[in-house]
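Participant: Below is one structure. I have some questions about it.
The values are calculated or read from the model by the stated rules, or taken from the named source; none is laboratory data. The structure displayed is predicted, hence computed values, not measured ones. Reconstructed Cβ throughout: ideal geometry from the backbone, glycine too, with neighbour counts over all protein chains shown.
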Ligand SMILES: Nc1ncnc2c1ncn2[C@@H]1O[C@H](COS(=O)(=O)NC(=O)[C@@H](N)CS)[C@@H](O)[C@H]1O
């Protein structure tokens, strides 16, 4: 992409209301723009990151056997009356009326809707287990939206829903998602720790929040330090092997880890001092087992092996891709700006032309741009007339993994300058060596 043709509204300073670093950097880097309280436009650079995060979430859901669908954002109030949650959900629900005065709502979550879809499509236990998911925008009228997209009112969520004949089956579905979550956050460059959590308005009696430790996290969390060294379950996990899945669940819940609401002080203080971690954390995922809480009132029944109709056992599993864009910045930045992990960087290389109009430099840049793009490397080519200092500052701010600089002096001795954003000195290399290093 040529920067002269792109849309990247960089801000020199962040608005004062941006309290945390990810909010400041996302605004300054031209990734998002606030359209209303807690409601953001995702500008081109931010959307590229959001799409990369969603792709990794999707890959790990698919690997775990979940099946993707897409439910609408607008839902009928009557659907929520079936589960009894319409009134219980409270102020956070955005209630609307259509032209026929029909009561509707902007979905904050989809347990009722997926249960309605399931009950219309499945009748026998032979069709179980099932896990259906979508990646869809949600609306929760948070009293105090803040921290940019970290706690916004409209946000993107992957929400998956599992259906099993009984609790034992539902526990395996829960463990499948548990393992998929550990893998997902690791691939995003984050160290997540599953913590016992409260079930809140979703309900149920088993729940874990996946927390990443960050100074600006909203939650106060407590855990055993050894979690930080645990190996992520490998790509080769057999998601059909209930015992293997249970072994990962047992390992990753074998030591103390709890959010503030579930904290047991005495249990925590029984851990040797050097192994206690108490920190602030960001909740990036939350999973629930809630049995027949929705299937019973909504009559989502299957014919069991005994021929009797029985309500299915369900769980729901949420991840916040839009919150993750901010959380990844909280976990990866420095004084000059964002430092993206390769997996989610909006572009892989920032190519900087120090003297547009200089024939040799232009030719060298065009050649590098063509070679890298042909090799499938996403390049943001700064071909603008900005001053060099401002070009370097922009590349540091938007945090691309590689910065490749072409100037007349270096080129005269056949060299360009390559620098890794995550640290290390700039290297003077031939254009060929620079391309080889990046590939
Ligand atoms: N206001 C918000 N802004 C940004 N992300 C949010 C917000 N609220 C929740 N999330 C993200 O969405 C994830 C799931 O949300 S949740 O309420 O915990 N769980 C559910 O809604 C269940 N239905 C799971 S399918 C959270 O872990 C968080 O990553």
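Participant: Restricting attention to region 30-55, which residues are under 18 Å from residue 380 (Cβ atoms) and either assigned to a helix (DSSP H, G or I) or within 14 Å of the ligand (Cβ to nearest atom) (or both)?
Facilitator: 32, 42, 44, 45, 46, 47, 48, 49, 50, 51, 52
Participant: So if I check each of 173, 152, which one is crowded, with 20+ Cβ neighbours inside 10 Å and away from the ligand (no atom under 12 Å from the Cβ)?
Facilitator: Selected residue: 173, the only one of 173, 152 that is crowded, with 20+ Cβ neighbours inside 10 Å and away from the ligand (no atom under 12 Å from the Cβ).
Participant: Which is in contact with a helix residue (DSSP H, G or I) (Cβ under 6 Å, 6 or more places away or on another chain), in contact (Cβ under 8 Å) with a residue 60 or more places away in the chain and surrounded by 16 or more Cβ atoms within 10 Å (Cβ to Cβ), of 355, 371?
Facilitator: Working: 355 fails: in contact (Cβ under 8 Å) with a residue 60 or more places away in the chain.
One residue alone meets the criteria, 371.
Participant: Identify the residue in region 297-322 that is free of Cβ contacts under 8 Å to residues at least 40 places away in the same chain and within 26 Å of residue 113 (Cβ to Cβ) and, among all such residues, is farthest from the chain's Cα centre (by Cα).
Facilitator: Here the residue is 309.
Participant: Could I ask something else about it? Mind checking which residues of region 63-91 are at pLDDT 95 or above and at positive phi?
Facilitator: Answer for region 63-91, where residues must be at pLDDT 95 or above and at positive phi: just 65.
Participant: Does region 249-296 hold any residues that are more than 16 Å from the ligand (Cβ to nearest atom), touching a residue at least 40 places away in the same chain (Cβ under 8 Å) and within 20 Å of residue 160 (Cα to Cα), and which are they?
Facilitator: 249
Participant: Within region 407-419, does at least one residue satisfy the condition of being touching a helix residue (DSSP H, G or I) at 6+ places or on another chain (Cβ under 7 Å), over 25 Å from residue 23 (Cβ atoms), at pLDDT 95 or above and exposed (fewer than 14 other Cβ atoms within 10 Å of the Cβ)? Let's see the steps before the verdict.
Facilitator: Kept after step one, since they are touching a helix residue (DSSP H, G or I) at 6+ places or on another chain (Cβ under 7 Å), are these residues of region 407-419: 407-408, 411, 416-418.
Going one step further and asking which of them are over 25 Å from residue 23 (Cβ atoms), we end up with 407-408, 411, 416-418.
Among the residues that remain, those that are also at pLDDT 95 or above are: 407-408, 411, 416-418.
Within this subset, residues satisfying the condition of being exposed (fewer than 14 other Cβ atoms within 10 Å of the Cβ) are 408.
Among the residues of region 407-419, at least one is touching a helix residue (DSSP H, G or I) at 6+ places or on another chain (Cβ under 7 Å), over 25 Å from residue 23 (Cβ atoms), at pLDDT 95 or above and exposed (fewer than 14 other Cβ atoms within 10 Å of the Cβ), which makes the answer yes.
Participant: Next up: What residue, among those in region 298-322 that are in a loop (DSSP other than H, G, I, E, B) and over 16 Å from residue 129 (Cα atoms), is nearest to the ligand (Cβ to nearest atom)?
Facilitator: Checked region 298-322; the qualifying residue nearest to the ligand (Cβ to nearest atom) is 320.
Participant: If only one of 205, 229, 198 is out of contact with any helix residue (DSSP H, G or I) (no Cβ under 9 Å at 6 or more places or on another chain) and at pLDDT below 95, which one is it?
Facilitator: Only one candidate qualifies: 205.
Participant: Can you report the number of residues in region 323-343 which are in contact (Cβ under 8 Å) with a residue 12 or more places away in the chain and either in a loop (DSSP other than H, G, I, E, B) or crowded, with 24+ Cβ neighbours inside 10 Å (or both)? If you could, list the steps in order and put the result at the bottom.
Facilitator: From region 323-343, those in contact (Cβ under 8 Å) with a residue 12 or more places away in the chain are 323-333, 336-343; that's our starting set.
Retained after the next criterion (residues that are either in a loop (DSSP other than H, G, I, E, B) or crowded, with 24+ Cβ neighbours inside 10 Å (or both)): 323-329, 332, 336, 338-341.
Total meeting the criteria: 13.
Participant: So, residue 114, is that one within 13 Å of the ligand (Cβ to nearest atom) and closer than 16 Å to residue 298 by Cβ or not?
Facilitator: It is true that residue 114 is within 13 Å of the ligand (Cβ to nearest atom) and closer than 16 Å to residue 298 by Cβ.
Participant: Taking the condition away from the ligand (no atom under 16 Å from the Cβ), outside any loop (DSSP other than H, G, I, E, B) and under 22 Å from residue 298 (Cβ atoms), does residue 126 pass?
Facilitator: yes
Participant: With the structure loaded, tell me whether residue 142 is within 28 Å of the chain's Cα centre (by Cα), within 13 Å of the ligand (Cβ to nearest atom) and either assigned to a helix (DSSP H, G or I) or surrounded by fewer than 19 Cβ atoms within 10 Å (Cβ to Cβ) (or both) or whether it fails that test. Steps first, answer last, please.
Facilitator: Details: within 28 Å of the chain's Cα centre (by Cα): yes; within 13 Å of the ligand (Cβ to nearest atom): yes; either assigned to a helix (DSSP H, G or I) or surrounded by fewer than 19 Cβ atoms within 10 Å (Cβ to Cβ) (or both): yes.
In short, yes.
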